[in-house]
Amino acid sequence: MDAVTSTRPLIALRDVKKIYPMGAEAVHALDGVSLDVYPNEFVAVMGPSGSGKSTLMNMIGCLDTPTEGTYHLRGNNVGEMEDDELAEIRNREVGFVFQTFNLLPRVSCLQNVELPLIYSGKTRGQRRQMAERALDQVGLADRMIHKPNELSGGQRQRVAVARALVNNPSLLLADEPTGNLDTRTGEEIMLLFEMLYRRGNTLMVVTHEEAVAQHARRVIRLRDGLIESDTRVENPSLAHHDLAA
């Protein structure tokens, strides 16, 4: 049975607004969003183009700060941080997975996954061990020395997931993670996310695909910079799925 394991929210947004000047006008990308996400939740964020999905993801991922309102990540007030503090908390607390994978083509999977650890103070041996463990976690123990162009699209996305996980972040944040994949491969990636959730990871997936959102335990829909609905979902049929080999 799914259960939120902590009474303290991992993510806490209170009346968050993000306003962008557009010539003489001001665009309210977020127009007063309040939201709590707890450890070991699996959340999908949906909404039409221009609804504020990307802005919310950038905010939660510490890539941007609120114009108004407050955002706390694990109790830290993100809006009060300087750029170097934002970079540090982003690297420590958030693992990013993008639609386009963002892998370096000329280096191996292992080296790609090691990248977030370069400035962590870990030794080369520690970095390698952590990267190997992350690749094993996503089912790519036998592809560590391969380069991205030697892998399928689904395998490349798994490498990206391993890179996002290697620092053991508080939150895995995925932006349209199946957008460049065919239906079957996209389903395999979502089953991987399902497995990570069952292992205790906290996941937020930004998507426009209902099939992707159906894997989440909570679906937040945005419209015009506001939360239109926030629904908890039971997915008992997924409890018997195992990660595809």
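To the nearest 10 Å², what's residue 7's accessible area with a 1.4 Å probe?
Counting only protein heavy atoms, the figure is 130 Å².
Counting GluC sites (Glu not before Pro) as exposed when in a DSSP loop with at most 14 other beta carbons within 10 Å, what is the longest stretch of the chain free of them?
Result, exposed sites excluded: 83-233.
On a 1.4 Å probe surface of the protein chains, which of 224, 15 comes out largest in accessible area, and what is the full order?
Correct descending sequence by accessible area is 224, 15.
When the solvent-accessible surface of protein heavy atoms is calculated with a 1.4 angstrom probe, in what order do 215, 208, 146, 28 fall, highest first?
The most accessible residue leads, giving 208, 28, 146, 215.
In sequence order, what are the phi-derived ³J(HN,Hα) couplings for segment 82-92 according to the Karplus relation 6.51 cos²θ - 1.76 cosθ + 1.60 with θ = phi - 60°, rounded to whole Hz, with x for glycine and proline?
With coefficients 6.51, -1.76 and 1.60, one gets 7, 4, 5, 5, 4, 4, 5, 5, 4, 6, 7 Hz.
Within a Cβ distance under 11 Å of residue 137, other residues only, what is the Lys/Arg minus Asp/Glu net charge?
Charge balance in the 11 Å sphere: +1.
Sort 22, 59 by heavy-atom solvent-accessible area, probe 1.4 angstrom, most to least.
Ranked list, largest accessible area first: 22, 59.
Based on DSSP H runs of at least 4 residues, each adding -39500 (n - 2.57), what is the mean residue ellipticity at 222 nm of the chain after dividing by all its residues, to the nearest 500 deg cm²/dmol?
-8500 deg cm²/dmol
Give me the percent relative contact order of segment 1-123, please, defined on Cα pairs under 8 angstrom at least 6 residues apart.
Relative contact order of segment 1-123: 24 percent.
As a test, work out the antiparallel percent of DSSP beta bridges whose residues both lie in the chain, rounded to the nearest 5.
That works out to approximately 60 percent antiparallel.
The values are calculated or read from the model by the stated rules, or taken from the named source; none is laboratory data. Small disclaimer: the values here were computed from a predicted structure and weren't measured. Neighbour counts are summed over all protein chains in view; Cβ atoms, including those assigned to glycine, are modelled from backbone coordinates with ideal geometry. Accessible surface areas use protein heavy atoms only, side chains included; no ligands, DNA or RNA. Shrake-Rupley method; radii C 1.70, N 1.55, O 1.52, S 1.80 Å.
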